[in-house]
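The next block holds one structure in the form of structure tokens; read it before the comments.
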Amino acid sequence: MTTEAKKPSSAGILAFNRWSMEGIEVVDAGLKEYVSLEPRIVPKTGARYAGSRFRKNQVFIVERLINRLMVPGHKGKKHYRTSGHITGKAQNAYAMVVQAFEKIEARTKENPIKVFVKAIEHAAPREEIITIEYGGARYPKAVECSPQRRIDLVLKHVVQGTYQKSFNSKKPAVDCLVDEILNAYNMSNASNAIAKKLELERQADSSR
């Protein structure tokens, strides 16, 4: 007689052993399958899925934010502005996110992961532009953003906005991350992610 191994339930697991995932859902139908809300006490898989295509969609969305904080990428070819906080220590990025969520909870009196997920929905661009070459000339063309790329872009813009605002500033990067998430949650243009989304969609609209 064979018995099938049962997948362990995550119903009783709290993210960071603090925040419940109950009641948190993705309303945007296009992003629903690409934002993983399966909680982790310690969201660190150690690049277990790095070699598997599209497996990052199954990684807890907060862990993806932590990973992005460690690799923000450059903005306008100015690496020194976004890479000054990168120390190679995953624990630093982990602690930064925990502190940011604690401050978000104190300011909003809501579950910070719920705020973060809603901020992603608000700031995820739906369209962007590509350049096509025809007859020796280049033209911009509007294209729809794939769901996976929408998540990648919003995480990139949130992290880059955080590091840009903390560069040459007395304001800690943690506070800048808090402001970036809350501004995206409130759909404010003060958020770098919201500003980039509106810019991309405006350019796409003019390129039709």
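From LYS103, LYS89, LYS118, LYS109, which residue is charged (D, E, K, R), out of contact with any Ser or Thr (no Cβ under 9 Å at 6 or more places or on another chain) and over 22 Å from MET21 (Cβ atoms)?
Matching residue, one of LYS103, LYS89, LYS118, LYS109: LYS89.
Go through segment 106-128 and give me each residue that's under 14 Å from the mean Cα position of the chain (by Cα) and of a type in the set (Val, Ile, Thr).
ILE113, VAL115, VAL117, ILE120
Could you say which residue among GLN148, GLN160 is of a type in the set (S, T, N, Q) and surrounded by fewer than 21 Cβ atoms within 10 Å (Cβ to Cβ)?
After ruling out the rest, the residue left standing is GLN148.
Please enumerate the residues belonging to segment 151-197 that are small (Gly, Ala, Ser) and assigned to a helix (DSSP H, G or I).
GLY161, SER166, ALA173, ALA184, ALA193, ALA195
For segment 57-106, which positions are touching a residue at least 24 places away in the same chain (Cβ under 8 Å) and basic (Lys, Arg)?
ARG64, ARG68, LYS75, ARG81, LYS103
Taking segment 166-203 as the search range and keeping residues that are at pLDDT below 95 and charged (D, E, K, R), which one is surrounded by the most Cβ atoms within 10 Å (Cβ to Cβ)?
Residue satisfying both the conditions and the ranking: LYS197.
Restricting segment 124-153 to residues that are of a type in the set (A, V, I, L, M) and in contact (Cβ under 8 Å) with a residue 24 or more places away in the chain, which is farthest from ARG64 (Cα to Cα)?
Within segment 124-153, the match that is farthest from ARG64 (Cα to Cα) is ALA142.
Looking at GLU25, GLU4, which one is at pLDDT below 90, of a type in the set (Asp, Glu) and assigned to a loop (DSSP other than H, G, I, E, B)?
Exactly one of GLU25, GLU4 is at pLDDT below 90, of a type in the set (Asp, Glu) and assigned to a loop (DSSP other than H, G, I, E, B), namely GLU4.
Under 6 Å by Cβ, and 6 or more places apart or on different chains, what pairs join a residue from segment 107-123 that is outside any helix (DSSP H, G or I) with one that is at pLDDT below 95?
Once the first residue is outside any helix (DSSP H, G or I) and sits in segment 107-123, its partners that are at pLDDT below 95 give ASN111/TRP19.
Identify, please: which residue in segment 71-105 is within 14 Å of the chain's Cα centre (by Cα) and surrounded by fewer than 14 Cβ atoms within 10 Å (Cβ to Cβ) and is, among those, nearest to LEU14 (Cα to Cα)?
Of everything passing the filter in segment 71-105, VAL71 is nearest to LEU14 (Cα to Cα).
Can we say LYS44 is on the phi < 0 side of the Ramachandran plot and free of Cβ contacts under 8 Å to residues at least 60 places away in the same chain?
Criteria met by LYS44.
Would you say ARG68 is out of contact with any His (no Cβ under 8 Å at 6 or more places or on another chain), surrounded by 18 or more Cβ atoms within 10 Å (Cβ to Cβ), at pLDDT 90 or above and part of a helix (DSSP H, G or I)?
Yes; evaluated as a whole, the condition is true for this residue.
Quick check on segment 163-202: of everything there that is free of Cβ contacts under 8 Å to residues at least 24 places away in the same chain and among the hydroxyl-bearing types (Ser, Thr, Tyr), which residue is nearest to PHE54 (Cα to Cα)?
Going through the qualifying residues, I end up with SER188.
Considering only residues that are within 30 Å of VAL178 (Cβ to Cβ) and either among the aliphatic types (A, V, I, L, M) or exposed (fewer than 13 other Cβ atoms within 10 Å of the Cβ) (or both), which ones fall in segment 118-139?
ALA119, ILE120, ALA123, ALA124, listed by residue number.
Please state which one of PHE16, PHE101, PHE54, PHE60 is in contact with a Lys or Arg (Cβ under 6 Å, 6 or more places away or on another chain) and either at pLDDT 80 or above or farther than 17 Å from ALA184 by Cα (or both).
PHE60
Exactly one of these conditions fails for ALA142: (1) assigned to a helix (DSSP H, G or I); (2) surrounded by 14 or more Cβ atoms within 10 Å (Cβ to Cβ). Give me its number.
(1)
The values are calculated or read from the model by the stated rules, or taken from the named source; none is laboratory data. In this text, all values refer to a predicted model and were calculated from it rather than measured experimentally. Here Cβ is always computed from backbone atoms with ideal geometry, including for glycine, and neighbour counts include all displayed protein chains.
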